[in-house]
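**Q** My questions all concern the structure below.
The values are calculated or read from the model by the stated rules, or taken from the named source; none is laboratory data. Predicted model only: the values in this text are computed from it and were never measured. Backbone-built Cβ (ideal geometry, glycine too); neighbour counts: all protein chains shown.
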Amino acid sequence: RRELEDAICRLRGGDDIDGWYSAVSGCMRSVAEVHIPRKRAPVDQSMVPWWSEACSLGIRDGNRAYRLLRKHQVESNSVKFNRLRAVARRVVKGMKRAGWRD
């Protein structure tokens, strides 16, 4: 608030719209940086404890098959997509179960 008041006092009496805009937006940005927290998930830590590389690979393969199906809508791509999606689902479910056992 103090920064905004100082900026307004400096610009008072002038018709410089660009100066007003830069002063107000700069003050708002600095206040937002101070008062709005930024949270980021750690890069090397997964969001769930049971997630593994097998889960990532299964999901990745399913997504690749889905993109191929969207480009070329033929029955063979549909069968491949459904099979890989089922494999990914099975892997994720298995890892969830194993996570509860540990």
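**Q** Could you figure out which of (1) over 30 Å from residue 2 (Cβ atoms); (2) loosely packed, with under 13 Cβ neighbours inside 10 Å; (3) of a type outside the set (D, E, K, R) isn't true of residue 30?
**A** Condition not satisfied by residue 30: (1).
**Q** Residue check: is residue 50 modelled with pLDDT of 80 or more and not in a helix (DSSP H, G or I)?
**A** Taking the combined requirement at face value, the residue satisfies it.
Results for (1) of a type outside the set (D, E, K, R); (2) farther than 30 Å from residue 6 by Cα; (3) in the same structural domain as residue 6 (by TED's automatic domain parsing); (4) part of a helix (DSSP H, G or I), shown as yes or no for each residue.
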{"residue": "26", "(1), (2), (3), (4)": "yes, no, yes, yes"}
{"residue": "40", "(1), (2), (3), (4)": "no, yes, no, no"}
{"residue": "62", "(1), (2), (3), (4)": "yes, yes, no, yes"}
{"residue": "70", "(1), (2), (3), (4)": "no, yes, no, yes"}
{"residue": "78", "(1), (2), (3), (4)": "yes, yes, no, yes"}
{"residue": "84", "(1), (2), (3), (4)": "yes, yes, no, yes"}
{"residue": "89", "(1), (2), (3), (4)": "no, yes, no, yes"}
{"residue": "92", "(1), (2), (3), (4)": "yes, yes, no, yes"}
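**Q** Any idea which of (1) within 28 Å of residue 48 (Cβ to Cβ); (2) touching a helix residue (DSSP H, G or I) at 6+ places or on another chain (Cβ under 6 Å) is the one residue 101 doesn't satisfy?
**A** (2)
**Q** Does region 70-81 include one or more residues that are at pLDDT below 85, surrounded by fewer than 10 Cβ atoms within 10 Å (Cβ to Cβ) and among the charged types (D, E, K, R)?
**A** First, pick out the residues of region 70-81 that are at pLDDT below 85: none.
There is no residue in region 70-81 that is at pLDDT below 85, surrounded by fewer than 10 Cβ atoms within 10 Å (Cβ to Cβ) and among the charged types (D, E, K, R).
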